[in-house]
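The values are calculated or read from the model by the stated rules, or taken from the named source; none is laboratory data. Keep in mind that this is a model prediction, so the values were computed, not measured. Note that we place each Cβ from the backbone using ideal geometry, even for glycine, and neighbour counts take in every protein chain shown. These accessible areas exclude ligands, DNA and RNA; they are computed on the full protein's heavy atoms, side chains included. Shrake-Rupley method; radii C 1.70, N 1.55, O 1.52, S 1.80 Å.
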Amino acid sequence: MTSALGKDLLGLEPLTSEQIQLVLDTAEPFKEISERAIKKVPALRGQTIVNLFFEASTRTRISFEFAEKRLSADTVNVASSGSSVQKGETLVDTARNLEAMRIDMVVIRHGASGAARFLADRIESNVINAGDGTHEHPTQGLLDLLTLRDHFGTLAGRRVCIVGDVLHSRVARSNIWGLKKMGAEVGVCGPRSLLPWAIGEFGVTVFSRVEEAIEWAEALNILRLQLERMTAGYIPSLREYNRVFGITRERLARAPRDVLILHPGPMNRGVEIDSDVADGPHSVILNQVTNGVAIRMAVLYLLAGGRPELAEAAKGGSER
Amino acid sequence: MTRRLLLQGGRLLDPSRRLDERGDLLIAEGKIARLGGTIDAGESTDVLDCAGCYVSPGFIDVHCHLREPGREDVETIATGARAAAAGGFTAVCAMPNTEPVTDNQAAVGFIIRQALRANAARVYPIGAISVAQRGEALAEFGEMMGAGAVAVSDDGRPVASAHLMRTALEYAQAFDIPVIDHCEEPTLAKGGAMNEGVVSARLGLPGIPTEAEEIMVIRDILLARRTGGHVHLAHMSTKGSVELIRWGKERGIRVTAEVTPHHLTLTEDACEGYDTHAKMNPPLRTAADVAALGEALRDGTIDLVATDHAPHHYDAKEREFADAPFGIIGLETALALVVTELVTPGVIDFATLVDRMSCRPAALFHLQGGTLAQGSVADVTVFDPARTWTVDPSSFLSKGRNTPYAGRTLTGRAVYTIVGGHVVYRLGG
């Protein structure tokens with residue numbers, strides 16, 4: 001059967017606002033499961049899921065694994081090192097072999113943009129994109145939306161600015177699509193060398209100075225600055241990046257309002273974000289991590305054909 | 001005496017001689033013996049019914065990759081020459097980025113011999129500009145010319161060194177051959193997978209800006225001005241390049257240029273869904289670029305259509321977009337794409353099509369053919385301008401299947417391809 005989300009979750013760009021709303025709403029009852037002493041419901045009992053990670057990942061992989069286990073799915077983790085992938089097997093052969101084992105879902109993290117779509121086009125199983133190159137990271141986008149909604153109540157009309165290396169960020173793209181579809185106003189801020197050349201056609205406000213972004217925004221989603229951007233010549237130094245674009249307590253102190261702080265992790269403290277901001281009173285960075293499990297449970301549940309209105313009941317164990 | 005060949009009842013179209021009239025054409029001894037009016041078949045003459053078809057000088061593709069030597073699994077000179085004939089081409093020029101590189105007279109001679117054995121379209125080798133296409137020392141233009149090369153190019157790679165390009169343009173003048181450049185500023189294009197723009201930004205793919213091409217276009221035009229050499233710019237893809245070429249031509253600089261059928265008919269939107277069959281270099285650009293290229297082909301700013309036929313193995317394209325190789329095949333779809341997308345909408349007429357696909361390539365590369373003049377070599381293409389067909393890659397004579405046009409219904413098809421008076425391709429035969 002086709003789920004309310006379709007066969008796969010490849011990105012937020014193809015989703016409707018109703019579908020995004022559905023995931024966020026479905027995540028709500030699942031939040032509570034993680035607070036129980038026995039963190040397990042049988043919603044996905046008998047389902048087999050492969051977590052296929054071609055790139056190193058700690059947070060996302062563990063978050064998916066907890067979500068799967070808390071829904072009672074049977075899971076297998078495949079990391080690129082030590083697997084046939086490292087022996088030169090192509091993605092299409094990997095996909096066909098997985099399919100031949102009659103699995104139900106694949107969670108894929110891959111360094112190439114479009115890799116999740118490539119897999120989804122070639123296998124019957126549901127595919128969840130856990131980050132493909134510099135394209136999208138939809139579950140991260142959804143958990144960011146949930147975290148913002150928790151705080152603001154509604155996303156419509158809220159001003160959220162994404163700060164940093166938008167050019168190379170799949171988190172940024174998923175956030176831009178998700179926020180815009182939910183009616184938020186989106187800003188982006190970063191060195192022009194780290195913004196896509198065509199960013200002006202995304203329907204976002206572009207800030208070239210971080211002070212202006214802070215003055216405008218109600219929330220900042222601060223992207224990780226990869227260290228290799230310096231050697232590749234995009235920016236001169238991390239020190240200067242912190243001085244010009246870093247989110248510091250001093251900069252936030254000049255804001256006309258409290259600014260909510262998000263970061264998808266892992267953080268470079270002292271580069272894109274100062275420690276006293278990351279650990280400060282307006283930081284919801286750990287809430288994002290908690291919400292990540294609930295969002296991934298919701299996505300898994302919906303793709304498996306779970307009925308949204310039964311998510312609450314599914315917690316009890318009788319329905320699926 | 002070999003049998004004579006009578007092309008009967010077609011419409012003779014040769015823009016080099018302002019010829020466009022219904023009439024027969026008689027071929028004898030490999031040459032065009034008579035044309036015009038009604039010609040009696042006479043004895044020992046084979047008759048080809050050309051009713052409803054154009055009879056034109058044979059098409060010449062100055063830019064294709066036949067992969068032999070080195071990648072005979074993907075294409076050979078024989079399969080490439082047969083694919084060319086099926087597309088209505090009587091001659092093609094093979095780029096030198098083979099393995100090993102075609103950078104010496106022995107390698108050129110090998111291609112000539114393989115082409116003779118193929119007995120299909122003629123194949124003219126293009127020699128490398130630099131030894132092993134490394135962009136350092138000049139290859140032996142003179143020796144390669146002596147063995148049968150018709151031009152030089154490091155295609156597949158840009159000539160990164162302006163000094164080398166200048167030297168090549170100067171040195172080539174002793175032989176009166178064009179120096180062909182693949183215009184790509186390597187540091188700006190590095191790592192790019194498609195046109196830099198809103199689509200690449202959305203798909204999260206590294207972009208190649210139009211300036212990567214245009215910087216080299218103007219560099220090459222200025223070097224042609226400095227040296228007086230003939231620079232031929234391969235596969236132009238941007239509106240800006242068209243403007244620069246126009247600027248150069250207005251000043252009498254010896255610059256000529258080509259455009260591929262895919263850059264005339266597709267935009268970056270074809271990359272949606274990470275379709276690796278839309279991955280080419282230079283990349284597919286925007287609708288404004290496509291329109292400018294079509295207009296430039298019409299007004300002659302761009303001189304000719306060339307395919308950049310680039311076969312790849314199925315597996316090579318069946319992968320992640322960033323890792324897939326650049327290029328598509330084009331020999332068997334070129335004519336129909338130009339008819340369907342440029343002639344039918346009225347951008348160019350059939351005379352211009354024949355000029356840009358036959359007369360101009362022959363003139364610029366100093367090749368035989370390109371004319372129906374009495375006494376000239378009988379390289380003739382008979383094509384049906386109205387025949388519709390659906391692109392089925394599995395039916396191609398090329399070994400390549402990598403085309404973004406699979407399933408498209410197109411208009412226009414070669415019916416007979418005649419090389420030196422011999423029918424090397426007949427539709428349905």
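Atom-type composition of the exposed protein surface of the range B:267-354 places 51 percent of the accessible area on carbon and sulfur (1.4 angstrom probe).
Between the Cα long axis of helix A:91-100 and the first principal axis of chain A there is an angle of about 30°, rounded to the nearest 10. Taking a ≥ b ≥ c as the square roots of the eigenvalues of the Cα gyration tensor, the range B:58-364 is classed as rounded, since a/c falls below 1.5.
Each residue, B:Glu272 and B:Ser395, gets one label point 7 Å from its Cα in the Cβ direction; the gap between the two is 2.8 nm.
Would you kindly state how much longer the chain becomes between A:Ser72 and A:Ala198 on full extension, computed as 0.36 nm times their sequence separation minus their alpha carbon distance, in nm to one decimal? Each step should come with its number before you reach the end.
Values: separation 126, 0.36 × 126 = 45.36 nm, distance 4.37 nm.
That pair, A:Ser72 and A:Ala198, stretches by 41.0 nm at full extension.
Could you tell me which of B:Pro345, B:His309, B:Ala414 has its Cα farthest along the dipole of chain B towards the positive end, charges placed at Cβ (Lys, Arg +1; Asp, Glu -1), taken about the Cα centre? Of B:Pro345, B:His309, B:Ala414, it is B:Ala414.
In the range B:316-356, the residues whose accessible area drops by at least 40 square angstrom when the other protein chains are added to the isolated chain are B:Glu318, B:Glu320; the probe is 1.4 Å and only protein heavy atoms count. Out of A:Thr147, A:Leu91, A:Ile103, whose Cα points farthest toward the positive end of the dipole of the range A:37-178 (charges: +1 Lys, Arg; -1 Asp, Glu; placed on Cβ)? It is A:Thr147, whose Cα lies furthest towards the positive end. Rounded to the nearest 10 square angstrom, B:Lys317 shows an accessible area of 10 square angstrom against a 1.4 Å probe.
Taking DSSP loops as anything outside H, G, I, E and B, show the longest stretch in chain A free of GluC sites (Glu not before Pro) there with at most 16 other beta carbons within 10 Å. Before the final figure, lay out each step's value.
Working: sites that count: A:Glu89, A:Glu124, A:Glu319.
By the stated rule (loop sites, at most 16 other Cβ atoms within 10 Å), A:125-318.
At the listed q of 0.13, 0.17, 0.19 Å⁻¹, the Debye profile of the range A:139-288, built from one uniform point per Cα, gives log10 I(q)/I(0) equal to -0.50, -0.90, -1.16.
On a per residue basis, the protein assembly as shown carries 38 Å² of accessible surface, using protein heavy atoms and a 1.4 Å probe. Equivalent-ellipsoid semi-axes for chain A (Cα gyration tensor, √(5λ), whole Å, largest first): 33, 23, 17.
Give me the number: length gained by fully extending B:Asp49 to B:Ala291, i.e. 0.36 nm times residue separation minus the C-alpha to C-alpha distance, one decimal in nm.
Details: separation 242, 0.36 × 242 = 87.12 nm, distance 3.69 nm.
Gain on extension, B:Asp49 to B:Ala291, equals 83.4 nm.
In straight-distance terms, cross-link reach from A:Lys39 covers every one of the aspartates and glutamates whose alpha-carbon lies under 16 Å from its own, apart from those fewer than eight places away in the same chain; here that gives A:Glu28, A:Glu65, A:Glu68, A:Asp74, A:Glu312. Rounded to the nearest 20, the Cβ-based charge dipole of the range A:75-200 about its Cα centre (Lys and Arg +1, Asp and Glu -1) stands at 340 debye. When accessible surface is computed with a 1.4 Å probe, chains A and B are found to bury approximately 1400 Å² between them, both chains counted.
Among B:243-251, A:295-303, B:221-229, what's the highest-first ranking by average C-beta atoms within 10 angstrom per residue?
A:295-303, B:221-229, B:243-251
Once the partner protein chains are put back, the range B:189-208 shows a loss of at least 40 square angstrom of accessible area, versus the chain by itself, at B:Glu196, B:Val198, B:Ala201, B:Arg202, B:Gly204 (probe 1.4 Å, ligands and nucleic acids excluded).
Between the C-alpha center of the range A:124-199 and that of the range B:358-403 there is a gap of 51 Å. Seen against the Cα atoms of chain B and their longest principal axis, helix B:77-86 is set at about 60 degrees.
How many Cβ atoms of partner chains, on average, are near each residue of A:301-310 if near means within 10 Å of its Cβ? Walk me through the intermediate numbers first.
Numbers: counts 0, 0, 0, 0, 0, 0, 0, 0, 0, 0.
That average works out to 0.
Annotation note: chymotrypsin sites (Phe, Trp or Tyr not before Pro) in the range A:1-90 located in DSSP loop regions with a Cβ neighbour count of at most 15 within 10 Å are absent. Each of A:Thr60, B:Ala201, B:Val108 was placed along the dipole of the protein assembly as shown (beta-carbon charges, centred on the mean Cα), and the one lying farthest toward the positive end is A:Thr60. Net charge dipole, the range B:42-119: roughly 140 debye, given to the nearest 20, about the Cα centre with Cβ charges of +1 for Lys and Arg and -1 for Asp and Glu. Take each residue in A:194-205, count the other chain C-beta atoms within 10 Å of its C-beta, and the mean is 3.
May I ask you to derive the FRET efficiency for B:Asp323 and B:Ala406 from their Cβ-Cβ distance with R0 = 25 Å, giving the value to the nearest 0.05? The partial results should precede the final answer.
On the way: r = 21 Å, r/R0 = 0.85.
Result of the calculation: an efficiency of 0.70.
Cα-based values for the protein assembly as shown, radius of gyration first and Dmax second, are 30.5, 101 Å. Each of B:Ala174 and B:Arg298 was given a label point 7 Å from its Cα along the Cα-to-Cβ line. The distance between the two points is 4.5 nm. When +1 charges are put on Lys and Arg Cβ atoms and -1 charges on Asp and Glu Cβ atoms, the dipole computed for the protein assembly as shown relative to its Cα centre reaches about 720 debye. Against chain B, whose longest principal axis comes from its Cα atoms, helix B:105-118 is set at around 40 degrees. Taking all protein chains together, B:Val255, B:Val423 sort by accessible area into B:Val423, B:Val255, largest first [probe 1.4 Å]. In the range A:95-113, burial by the other protein chains removes 10 Å² or more of 1.4 Å probe accessible surface, compared with the chain on its own, from A:Arg96, A:His110, A:Ala112, A:Ser113.
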